[in-house]
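Structure in structure tokens, see below.
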Amino acid sequence: MAEDQRPAARKPYLAGGAEFAALYDVKRLQVSQWISRDHTLDYRYAKIISGSPYWLLKFVKGFGETTPRPKHLNEAELARLIKEQGPGYWVGEVDQLPPLVGQAELVTLFQLSSGALLRKAVSTGRFRPADYTLSGSPIWLLEPVVEDAPALQAGARGVDWAIDEQVLAALRGGSYDGPGSKIVPRGRAASQPAK
């Protein structure tokens, strides 16, 4: 099957910061240093979801060969990640990804007053389980969530679960710039002036 054919049951292979670190047998902080200090890594091959980067696994797999000092890829960890996300498919460019959302985007999409409402709906089985859990965060494919919306709305008590059509269009079109679309610095980085 060609790399760009995407049956509905499959999802693109991704890696968050924790998975990136595990694939190269380093601490997660090292991945941040590759970005901020070494500049050997950037976000060109990452999708920002709920304020965190998720890199294309195809890029992560080859990353170690592109650095000034080659880095060894943990093949067992790669196999585990592929199996965990399977059945999946490889993507070479971020614009080839289907629309993906995390908690921040879903709170905005459904016009919820807080993420707690979403987390409760997920934990009680009223909202579909996440398609991924990467770096400890849930990520969903957007379209199945939208397909489930009428049933969610029909069974709702106290929360409308109404979809904001402008947010939906922006998520589908890749132009969403609301909560979760950018990385917000934390810790010491948050107190430093922007460059």
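What does the accessible area per residue of the chain come to in Å², with a 1.4 Å probe and no ligands, DNA or RNA counted? If you can, show how the numbers build up before the last one.
Values: 11160 Å² over 195 residues.
Per residue, the chain has 57 Å² of solvent-accessible surface.
Arranged from highest to lowest average of other beta-carbon atoms within 10 Å per residue, in what order do the peptides 40-49, 74-83 appear?
Working: 40-49: 17.4, 74-83: 14.1.
In descending order of packing, they fall as 40-49, 74-83.
Over the chain, how many pairs of lysines fall under 18 Å by alpha carbon, counting only those 8 or more apart in sequence or from different chains?
Qualifying lysine pairs in the chain: 14.
Another one. Go through the range 21-35 residue by residue and turn each phi into a ³J(HN,Hα) via Karplus (6.51, -1.76, 1.60, θ = phi - 60°); whole Hz please, and just put x for glycine and proline.
4, 5, 5, 10, 6, 10, 6, 4, 4, 4, 4, 4, 5, 4, 7
Any idea what log10 I(q)/I(0) is at q = 0.12, 0.14, 0.21, 0.22 Å⁻¹ for the range 16-126, Debye with uniform C-alpha scatterers and no solvent?
Per q value, in the given order, log10 I(q)/I(0) is -0.52, -0.68, -1.19, -1.24.
Within the chain, what percent of beta bridges assigned by DSSP are antiparallel, to the nearest 5?
Working: 11 of 13 bridges.
Just about 85 percent of them are antiparallel.
Something else: Among Ala121, Gln33, Gly62, whose Cα projects farthest towards the positive end of the dipole of the chain, with charges put on the beta-carbon of Lys, Arg (+1) and Asp, Glu (-1)?
Gln33
Give me the Å³ per residue figure for the convex hull around the C-alpha atoms of the chain. It would help to have the intermediate numbers written out before the result.
Values: hull volume 27.3 nm³, N = 195.
Expressed per residue, the convex hull around the Cα atoms of the chain is 140 Å³.
What percentage of the solvent-accessible surface of the chain, computed with a 1.4 Å probe over protein heavy atoms, is contributed by carbon and sulfur atoms?
Values: 5740 of 11160 Å².
Solvent-exposed carbon and sulfur of the chain make up 51 percent of the total.
The values are calculated or read from the model by the stated rules, or taken from the named source; none is laboratory data. Quantities reported herein were computed from a predicted structural model and do not represent experimental measurements. With ideal geometry, Cβ positions are generated from the backbone for all residues, glycine too; neighbour counts draw on all protein chains shown. Just the protein is used for accessible areas: all its heavy atoms, side chains included, with ligands, DNA and RNA removed. Shrake-Rupley method; radii C 1.70, N 1.55, O 1.52, S 1.80 Å.
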